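Down below is the structure, laid out as structure tokens.
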Amino acid sequence: MSEAKTGVYPGTFDPVTCGHMDIIYRAAKVVDELIVGVSANAGKDPLFTLDERLAMMAAEVSGLPEDVAGHVTVKPFDNLLVDFVETQRASVIIRGLRAVSDFEYEFQMAAMNARLNARVETVFLMASDKYQFISSRLVKEIGRLGGDVGQFVSAAVKEKLERQFAGVGGGA
Ligand code: ADP
């Protein structure tokens, strides 16, 4: 049984949203083993540290139904995505597509990754229409301004966001 297909779903996950989890759930049905690659991505100046993003993602994944969670592993990476994919012996990169606005960037990245490693295919998945509009960037913006992000992230992530912004704004 050397046919098992491993996929990598890479992202910053700053923080993980219901949209990301919907993609993970779907991706786990497409590949045999899914590795969620949490990118260090210092260039994006994330709100949460890599360790915090990893811990949040691991907690979310452990809350998935057992038959799904059993095939999903969460790992950090800070090298080139195609190199990470190679070291994980994966052959598929999973990306989520939301609106047309994602398309150009995702298209360029998939094409460049294909040039860097022709053995790897990028597969795009769409989240449910309930979650498609969610972005980590807007979740942070809403959280920063004191809005309720409860429909976009889990209760645990919501609490992390509230604590983060209370600490930053209130000096508590
Ligand atoms: P990155 O910093 O690599 O863009 P993100 O953490 O923002 O990473 O997102 C990871 C992946 O998940 C990207 O492919 C992004 O398009 C996808 N994604 C994020 N939010 C959603 C959503 N609500 N629905 C579908 N795909 C999404």
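Below are the figures for this structure:
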| read-out | value |
| --- | --- |
| Residue selected from the range 6-41 under the condition part of a helix (DSSP H, G or I) and under 17 Å from residue 143 (Cβ atoms), by the criterion farthest from the ligand (Cβ to nearest atom) | 18 |
| Residue count for the range 125-136, restricted to those that are within 13 Å of the chain's Cα centre (by Cα) and more than 7 Å from the ligand (Cβ to nearest atom) | 1 |
| Cβ-Cβ under 7 Å pairs, at least 6 apart or on other chains, the range 99-118 side open to solvent by 90 Å² or more (accessible area, probe 1.4 Å), far side not in a helix (DSSP H, G or I) | 103/97 |
| Search result, residues across the range 42-79 that are part of a loop (DSSP other than H, G, I, E, B) and under 17 Å from residue 27 (Cβ atoms) | 63, 64, 65, 70, 71 |
| Flag for residue 132 being in a loop (DSSP other than H, G, I, E, B) and open to solvent by less than 80 Å² (accessible area, probe 1.4 Å) | yes |
| Evaluation of residue 67 against (1) closer than 17 Å to residue 7 by Cα; (2) within 16 Å of the ligand (Cβ to nearest atom); (3) modelled with pLDDT under 95; (4) not basic (Lys, Arg) (one fails), failing number | (2) |
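The values are calculated or read from the model by the stated rules, or taken from the named source; none is laboratory data. For clarity, every value in this text was computed on a predicted model and none was experimentally measured. Cβ atoms come from the backbone with ideal geometry, glycine included; neighbour counts cover every protein chain shown. For accessibility, only protein heavy atoms count, side chains too; no ligands or nucleic acids. Shrake-Rupley method; radii C 1.70, N 1.55, O 1.52, S 1.80 Å.
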